[in-house]
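To keep things clear, I will list the structure first and then write my remarks on it.
The values are calculated or read from the model by the stated rules, or taken from the named source; none is laboratory data. These numbers were taken from a predicted model, which means no experiment stands behind them. We place every Cβ from the backbone using ideal geometry, glycine too, and count neighbours over all the protein chains shown.
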Amino acid sequence: MKMNSKKSLIALIVIFSISSLAIAAQTPETRAWSWETHYFIGSEAESTFTDGSFFSEHHNTLQTWCVKPDQGWGKSDWHWLDAITYHPLETTGGRLPWALKGIFDNIVIELENKNWQRAAELMGAASHFTEDGTNPLHSTHDYNPGLNHGNYEHEVNSHLNEIPIPKYAPRELDNVFEATMKTLEGSFNFTDEDPDGGVELSVYLEYDTLWNDTIKDITENRLQAGIQFTANLWYTAMIRAGLTIPAPTLTSPPDGATDVGNPPTLSWNSTDDINSYTIQISSDNNFKSGTDTVRNISDTSYTPNNQLDSGTWYWRIRTGDNSTHVGLWSKANEFTIASGSENAENKSEVPSKLRLITSVESGSGSITLDPASENYEEGTTVTITANPDSGYEFSHWSGDLSGTVKQVDITMNSDKDIAANFTKISEGLPWLWIGVLVTILVISVGVLFVWR
């Protein structure tokens, strides 16, 4: 009996060991943001483009490949660049900028050759590194303060639905390498290793503080930077490959117009075979701050729901994207609104309406609103529900709403552009893991047979 018990125990140990190896093969290796955060940033970057874009068409590929570098694709030192040890003549402190530039160049080649699937795969892989570059711990010598690198990243997962994501529209990068270095520099400013005195994320982690208001602000800043950098890199790759749609021509008000009505009606010429546009209106001529972005406009004119402050304003239009091309920005025009200027119809005290635009970013499903409308008075509570079609399940919200709960109450305090993302329901275990399970079973039976 003792021998049989020993044999059975050994067999169980072997079975457990093999099973553990199989499970470990599915467990992501923590190197930067967690997988959930990578998915989040990538989805938000997709939502900066208009409906039907190359990126929404290849959503599943982008999501799959954005974590491939954590599964062995590429090299380990591609994920970071230590700003302290970095020197132009030595790169022992990580190779993230060089790796990203190399991937970017290959993306452009694949796009030029119309190898859409491979281009999407490389874009997904590239997004992993654009996102890693916005994690403060990937620009410092102390990569794992207090052994809390992984703990911090998993803590972020539980707060993703608290992170506000401002509306953003992609812009072309002048130089990918320099943009990467600038992104890493921005990340480095949030650590105690910053010689100019950073906000000291690593100090908090050193003493086991994983979340507070300061860490939330740092994380919010870096996630937003990751979304913007990822979208900009993808957009730039399409432009470099010549896959662009001409910009519309702005028609009214003319450039330099003064005493423009308030709110102004902005008009442009239509572009052939394009049924949507993105507009930006800003008090900043670089469109980096004080900018209102509205996507998926189906008309060739737009009037803001609310009056603008008096002063000089700038506006530009981008054509909508399609499955193989991205729209280019028009040149920016400026106009001036005089103090007290307003249109006659806006002199009444009727409350301004706020617009709620909904769309399906990926997968198959629909969105319902209660109460149903496109325009709401400020302060209205709207219940928004994602309804997956047969064979699909709700994944997450993107745009001006985040999170994975399919029915959410929102308060209309500004114009909102919200997209639902659905994924296809898996029809069973992948063949790879069926093979693993069969292998485990065969080995287990063999062990039991030998020890009988």
Test result for Asn285, in the same structural domain as Gly311 (by the TED database), touching a residue at least 24 places away in the same chain (Cβ under 8 Å) and over 11 Å from Trp315 (Cβ atoms): no
Out of Lys182, Lys167, sole residue that is basic (Lys, Arg) and in a helix (DSSP H, G or I): Lys182
Candidate set from the stretch 289-302 (those that are more than 21 Å from the chain's Cα centre (by Cα) and assigned to a strand (DSSP E or B)); member that is nearest to Thr48 (Cα to Cα): Ile297
Hey, Ser298 among the polar types (S, T, N, Q), in contact (Cβ under 8 Å) with a residue 60 or more places away in the chain and either outside the structural domain of Pro254 (by the TED database) or within 26 Å of Leu243 (Cβ to Cβ) (or both) or not: no
Counted residues, the stretch 303-343 - those being in a strand (DSSP E or B) and either under 16 Å from Ile274 (Cα atoms) or among the basic types (Lys, Arg) (or both): 7
Candidates Thr324, Thr303 - the one that is out of contact with any Ser or Thr (no Cβ under 7 Å at 6 or more places or on another chain) and touching a residue at least 40 places away in the same chain (Cβ under 8 Å): Thr324
Complete set of residues in the stretch 53-89 that are part of a loop (DSSP other than H, G, I, E, B) and at pLDDT 90 or above: Ser53, His58, Cys66, Val67, Gly72, Trp73, Gly74, Lys75
Restricting the stretch 170-179 to residues that are in a loop (DSSP other than H, G, I, E, B) and without any contact (Cβ under 8 Å) to a residue 60 or more places away in the chain, the residue that is farthest from Thr278 (Cα to Cα): Asn175
Residue in the stretch 234-244 that is nearest to Ile317 (Cα to Cα), counting only those that are crowded, with 19+ Cβ neighbours inside 10 Å and not basic (Lys, Arg): Tyr235
Extreme residue, nearest to Gly363 (Cα to Cα), among residues of the stretch 395-407 that are at pLDDT below 85 and surrounded by fewer than 18 Cβ atoms within 10 Å (Cβ to Cβ): Thr404
Verdict on Asp217 being outside the structural domain of Glu121 (by the TED database) and surrounded by fewer than 22 Cβ atoms within 10 Å (Cβ to Cβ): no
First in the stretch 46-70 and at negative phi, second anywhere and among the aromatic types (Phe, Trp, Tyr) and in a loop (DSSP other than H, G, I, E, B), Cβ under 6 Å, 6 or more apart: Thr48/Tyr168; Phe55/Phe49
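Each row is one residue, and each column tells you yes or no for (1) outside any strand (DSSP E or B); (2) outside the structural domain of Asn322 (by the TED database); (3) without any contact (Cβ under 8 Å) to a residue 40 or more places away in the chain; (4) surrounded by 18 or more Cβ atoms within 10 Å (Cβ to Cβ).
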| position | (1), (2), (3), (4) |
| --- | --- |
| Phe190 | yes, yes, no, yes |
| Val199 | yes, yes, yes, yes |
| Leu210 | yes, yes, no, no |
| Gln224 | yes, yes, no, yes |
| Phe229 | yes, yes, no, yes |
| Asn232 | yes, yes, no, yes |
| Pro254 | yes, no, no, no |
| Asn275 | yes, no, no, no |
Per-region count, the stretch 34-56, residues in contact with a His (Cβ under 9 Å, 6 or more places away or on another chain) and not hydroxyl-bearing (Ser, Thr, Tyr): 6
For Phe177: the one exception among (1) in contact with a Lys or Arg (Cβ under 7 Å, 6 or more places away or on another chain); (2) at pLDDT 95 or above; (3) surrounded by 20 or more Cβ atoms within 10 Å (Cβ to Cβ); (4) not basic (Lys, Arg): (3)
Members of the stretch 54-77 found to be touching a Pro at 6+ places or on another chain (Cβ under 8 Å) and of a type in the set (A, V, I, L, M), listed by number: Val67
Qualifying positions in the stretch 228-257 - among the small types (Gly, Ala, Ser) and touching a Gly at 6+ places or on another chain (Cβ under 8 Å): Ala247
